[in-house]
């Protein structure tokens, strides 16, 4: 008849295995649910049924005059190499200040069967704001290069 000392290590090992399996499962499903693929508008439109089941990130330039804001939400069109994507942003935060016509934008969300990209996150940058400032090129003349005596 086994005593309590012999049963105790077995219980600890079983409990440890159960905890490790649970943690591994939660880590795997959490990563899978948060994973998003970066695609261009052309790739998105060519994905077929795969586009409807994945969490995606799509980038493009905001079409001029297409932004319509309502509270923290916005609808707009992204342009990329002659292709257009209608985006419906339903976020908890309003679009960033840099979200303007012709700005580069990144929408994160899912593509619906209605042909609309349903974004839950939105990032934008104004190209002119982040472009390095150019220094004027100094002009030189032959007189300036001639040493004076």
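Shown for 102, 97, 88: other C-beta atoms within 10 Å of each C-beta, ranked fewest to most, produce the order 97, 102, 88. At q = 0.16, 0.17, 0.18, 0.23 Å⁻¹ the log10 of I(q)/I(0) for the stretch 30-121 amounts to -0.59, -0.67, -0.75, -1.20, computed by Debye summation with a single uniform scatterer per C-alpha, solvent ignored.
None of the figures in this text is laboratory data; all of them are computed from the coordinates on show. Since we're looking at a predicted model, the values are computed, not measured. Note that each Cβ is placed from the backbone with ideal geometry, even for glycine, and that neighbours are counted across all protein chains shown.
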